[in-house]
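What follows is one structure encoded as structure tokens, with my remarks underneath.
Every number here is computed from the coordinates shown, using simple stated rules; none is lab data. In this text, all values refer to a predicted model and were calculated from it rather than measured experimentally. In this analysis, Cβ positions are derived from the backbone assuming ideal geometry, glycine residues included, and neighbour counts consider all displayed protein chains.
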Amino acid sequence: MHAKLFEPLALGAIETKNRVYMAPLTRGRSTQPGSIPNEMMATYYRQRAGAGLIISEATGISVEGLGWPAAPGIWSDEQVEGWKPVTQAVHEEGGKIVLQLWHMGRLVHPDFLGGEPPVSASATCAPGHAHTFEGRKDYQPARALGTDEIARVVEDYRHAAENAKKAGFDGVQLHGANGYLVDQFLRDSTNQRDDEYGGSPQNRTRFLREVLTALIDVWGADRVGVRLSPNGETQGCDDSNPPATFGAAAKVVEELGLAFLELREPGPEGTFGSTDVPKQSPLIRQIYSGPLVLNSDYSPEDAVTDIEAGRCDAVSWGRDFISNPDLPERFRLGADLQPNVNVPQSWYLPGPEGYIDYPMLTKQEHTAAK
């Protein structure tokens, strides 16, 4: 069933065996202290290597950029060594995996920074609460990055990309979505700068362009992707003119010739975030000519419809991959999906429960579904 989902697709130099991609999912299972990937994470990704492409969980590029308990990093040699068994496990199962590079910006609580304030495009404060090792705490005001500091952050991204290559990934994806640092520069609610990084949509895409250029220097454009969330508010980050802002961002992606662009686009009845702001993918599709991956509340039938209509080239699934490690095979056979249990409690638990204990289809279930 759903044969269109099982056609191969090239994302630049990355050949994917199907179009059922695994979206990035923060799971909070790395070893602390040190934010180091571990054997349990290798098992988790091995189980899900049937995806055409695995986009890893968001991974901190620096101490400054990581503010999520037990999320992994990619700035240290120990982290590189921890990631190597993960990429090896995916490759042994015939899968492909790219590392999502993450700087959280103003969403890093000072508890992660020795009491120092987080950094952002401008001196703003996110609404709501941060997850910390001591529980939920109010976000604190960020300070604006100085122009001279921006070059240092770009170099942090470059160093992380170099480490991702050492760790054996097939490429990298820049996390430019969901209200994190790149998004904070893109959107005018969080970017109030009056220098070359603020003001017009073109200026607000400057940081995006500089980071992507650094990643391309390491990997080549044909192994670099980016994720954007162009419609609606997310974590207090919003924009007054999404078509202008994300049209400009899409132009950057097109000019740089990236391997792929992934868009998270919830609708008015989204099950994990919702918005009435129109989806920007039709506009972006006119500007960016490379492979487009869409995400948010897709059924396999809807995915086939959008791929066949040319609205996208592949679809990424997140939460369905948590409880269905063999999600592509279930789609192929038309088998029932296992529900997520104890959600969202099990998403961020420290152990194997709700992480690597979801069963694959049994032989009997596999035969019955054929």
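Among Q235, T59, L145, pick out the residue whose Cα is farthest towards the positive end of the charge dipole of the chain, where Lys and Arg carry +1 and Asp and Glu carry -1 on C-beta, about the Cα centre.
T59
With +1 on each Lys and Arg Cβ and -1 on each Asp and Glu Cβ, how big is the dipole of the chain about its Cα centre, in debye rounded to the nearest 20? Intermediate values should be presented prior to the final figure.
Working: 34 positive and 50 negative charges, 94 e Å.
With Lys and Arg at +1 and Asp and Glu at -1, about 460 debye.
Based on the Cβ-Cβ distance from L113 to H159, what FRET efficiency comes out when R0 is 22 Å, to the nearest 0.05? Don't jump to the answer; show the numbers that get you there.
Details: r = 19 Å, r/R0 = 0.84.
It comes to 0.75.
Which lysines, on any chain, are close to K251 with Cα under 20 Å apart, when same-chain ones fewer than 8 places away are left out?
K279
My understanding is that a pair violates if its Cα-Cα distance is over 28 Å; which of K17/K84; K165/K363; K84/K363; K4/K166 do that in this structure?
Pairs exceeding the cut-off: K165/K363; K84/K363; K4/K166.
Determine, for each peptide in 192-205, 159-172, 339-352, 284-297, the mean count of other beta carbons within 10 angstrom over its residues, then list the peptides with the highest first.
Values: 192-205: 16.7, 159-172: 22.5, 339-352: 13.2, 284-297: 19.6.
Answer by packing, highest mean first, reads 159-172, 284-297, 192-205, 339-352.
Evaluate the charge dipole of the stretch 227-292 about its Cα centre and quote only its size in Debye, nearest 20, assuming +1 on the Cβ of each Lys and Arg and -1 on the Cβ of each Asp and Glu.
Values: 5 positive and 9 negative charges, 43 e Å.
In debye, rounded to 20, the stretch 227-292 gives about 200.
If packing is taken as the average number of other Cβ atoms within 10 Å across a peptide's residues, how do 269-275, 8-14, 61-67 rank, most packed first?
61-67, 8-14, 269-275
Mind giving me the nanometre distance, one decimal, between the label points for V63 and A244, set 7 Å out from Cα along Cα→Cβ?
In this crude spin-label approximation the distance works out to 4.1 nm.
Starting from the coordinates of the alpha-carbon atoms of the chain, obtain the Kirkwood hydrodynamic radius over all distinct pairs and give the value in Å to one decimal. Write out the running numbers ahead of the final one.
Working: mean 1/r = 0.0487 Å⁻¹.
In the chain this quantity evaluates to 20.5 Å.
Stretch M360-E254 to full length: gain in nm at 0.36 nm per residue minus the Cα-Cα span?
Once the chain is fully extended between M360 and E254, it gains 34.3 nm.
Would you work out which of F169, A121, P110 lies farthest towards the positive end of the dipole of the chain? Charges go on Cβ: Lys and Arg +1, Asp and Glu -1.
Comparing the listed Cα positions along the dipole, F169 ranks first.
At R0 = 35 Å, how high is the FRET efficiency between D194 and E269 if r is their beta carbon distance? Nearest 0.05 is fine.
Details: r = 39 Å, r/R0 = 1.11.
Step by step, r from the Cβ atoms, then E = 0.35.
Using 7 Å Cα-to-Cβ label points, what is the E81/V341 separation (nm, one decimal)?
Taking the two extended label points, one gets 3.7 nm.
Taking the Cβ-Cβ separation of T305 and E210 as r and a Förster radius of 35 Å, what is the calculated FRET efficiency to the nearest 0.05? Before the final figure, lay out the partial values.
Details: r = 37 Å, r/R0 = 1.06.
Once the sixth-power term is evaluated, E becomes 0.40.
Please give the net charge around G273, taking every other residue with its beta carbon less than 15 angstrom from that of G273, where Lys and Arg add +1 and Asp and Glu add -1. Numbers along the way, then the final one.
Details: positive: R227, R264, K279, R319; negative: D183, E233, D238, E265, E269, D276, D297.
With Lys, Arg at +1 and Asp, Glu at -1, the net is -3.
Report, in deg cm²/dmol and to the nearest 500, the calculated mean residue ellipticity at 222 nm for the chain, where each DSSP H run with n ≥ 4 adds -39500 (n - 2.57) and the sum is divided by the residue count.
Values: 12 runs with 119 residues, N = 370.
My calculation for the chain gives -9500 deg cm²/dmol from helical runs alone.
Placing +1 on the Cβ of each Lys and Arg and -1 on the Cβ of each Asp and Glu in the chain, which of Q192, M41, A13 has its Cα farthest towards the positive end of the resulting dipole?
A13
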